[in-house]
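**Q** My structure is below; once you've seen it, I'll send some questions.
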Amino acid sequence: MAFCVSKAWACPQLRTSGLPALVFLLFAAASGSCASTSTNSGTAVPPASLVAGDYYPLNVGWKWSYEVERDGEKILAFYSVLERTPQGAVVQAGEERLFYLITPDGIARKEGAVVTDFIIKSPVAVGTTWPIAGGTAAVRSVGQEITLDSGKYANCAMVEETRTDPMRLVRTTFAPGVGPVLVEVQVQDGAKFVTATRATLRGVTRPGQDPLGS
């Protein structure tokens with residue numbers, strides 16, 4: 001984990017298309033902070049008892065690292081919660097700062113004072129849908145157990161964003177008490193969709209945890 005994401009991965013075309021903020025940072029230069037490679041599975045609380053905010057903890061001290069695969073290359077990307085505000089949170093992603101609004105209804109992206117798209121909404125249940133710029137977002141699954149190299153994550157929920165111009169899908173799997181653990185960006189290739197970018201959680205540092213600890 002001693003290397004950063006190349007600026008060559010920055011993609012202005014994707015950045016203006018409304019992809020999730022996590023995908024933004026995966027194409028951006030990484031920050032200098034590191035996250036522990038040791039992770040724990042998500043909470044065992046039944047999915048029906050969970051709300052949107054449980055799936056994406058945004059308190060100061062949270063840091064995540066991801067392995068990003070694109071065009072046959074694998075690199076690392078990092079981001080961390082820089083500040084918690086009365087309305088939401090600020091995330092440092094390389095040279096960028098990403099802004100979120102946190103409400104009882106869910107978590108949304110912000111651009112200045114303008115609220116753009118919700119990335120996850122309550123109730124976190126299959127069939128929950130909401131409009132986003134250029135498309136629709138929907139909860140496609142809940143209660144999943146996801147196994148990655150970094151560990152097993154229980155009670156995960158997968159949100160799928162479908163957009164046009166160009167046609168593409170973004171599937172983000174959230175683990176409660178952890179955050180996004182898997183992100184897949186798929187683009188249309190003829191009659192089918194192919195995975196263009198895949199990011200998997202490699203490590204997470206929780207508030208108060210030593211990032212160099214085991």
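Conditions tested, residue by residue: (1) farther than 24 Å from GLY72 by Cβ; (2) out of contact with any helix residue (DSSP H, G or I) (no Cβ under 9 Å at 6 or more places or on another chain).
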| residue | (1), (2) |
| --- | --- |
| TYR153 | yes, yes |
| ASP165 | yes, yes |
| VAL170 | no, no |
| ALA175 | yes, no |
| LEU182 | no, yes |
| ARG198 | no, yes |
| GLN209 | yes, yes |
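**Q** Say we look at segment 70-101 and pick out the residues that are more than 15 Å from the chain's Cα centre (by Cα) and of a type in the set (Val, Ile, Thr); which of these is nearest to VAL187 (Cα to Cα)?
**A** ILE75
**Q** Now, a different point. Among residues belonging to segment 148-172 that are polar (S, T, N, Q) and within 19 Å of VAL185 (Cα to Cα), point out the one that is nearest to the chain's Cα centre (by Cα). Talk me through it step by step, then tell me what you get.
**A** Pass one, segment 148-172, residues polar (S, T, N, Q): 150, 155, 162, 164, 172.
Then drop every residue that is not within 19 Å of VAL185 (Cα to Cα), which leaves 162, 164, 172.
On the way: THR162: 16, THR164: 20, THR172: 6 Å.
Ranking the qualifying residues of segment 148-172, first place goes to THR172.
**Q** Name the pairs: first residue in segment 93-112 and crowded, with 18+ Cβ neighbours inside 10 Å, second residue assigned to a strand (DSSP E or B) and among the hydroxyl-bearing types (Ser, Thr, Tyr), Cβ to Cβ under 6 Å, at least 6 apart or on different chains?
**A** Listed pairs, sorted by first residue: ALA93/TYR79; ILE107/TYR100; ARG109/THR116.
**Q** Condition (residue is in contact (Cβ under 8 Å) with a residue 60 or more places away in the chain and either part of a loop (DSSP other than H, G, I, E, B) or hydroxyl-bearing (Ser, Thr, Tyr) (or both)) applied to segment 181-189: is it met by at least one residue?
**A** No, segment 181-189 has no match at all.
**Q** Related question: How many residues, within segment 106-142, are at pLDDT below 95 and either over 23 Å from ARG168 (Cβ atoms) or of a type in the set (A, V, I, L, M) (or both)?
**A** Selection size over segment 106-142: 5.
**Q** Among residues belonging to segment 48-80 that are assigned to a strand (DSSP E or B) and free of Cβ contacts under 8 Å to residues at least 24 places away in the same chain, point out the one that is nearest to THR173 (Cα to Cα).
**A** Residues of segment 48-80 that are assigned to a strand (DSSP E or B), as a first pass: 63-70, 73-80.
This time we only want the ones that are free of Cβ contacts under 8 Å to residues at least 24 places away in the same chain, so: 73-74.
Working: GLU73: 22, LYS74: 20 Å.
Among residues in segment 48-80 that are assigned to a strand (DSSP E or B) and free of Cβ contacts under 8 Å to residues at least 24 places away in the same chain, the one nearest to THR173 (Cα to Cα) is LYS74.
**Q** Just checking, how many residues over segment 118-173 are under 20 Å from ALA196 (Cβ atoms), in contact with a Pro (Cβ under 9 Å, 6 or more places away or on another chain), in contact (Cβ under 8 Å) with a residue 60 or more places away in the chain and not β-branched (Val, Ile, Thr)?
**A** Number of matching residues: 1.
The values are calculated or read from the model by the stated rules, or taken from the named source; none is laboratory data. Every value quoted in this text rests on a predicted model; they were computed, and no experiment measured them. Every residue, glycine among them, receives a Cβ derived from its backbone with ideal geometry; neighbour counts consider all protein chains shown.
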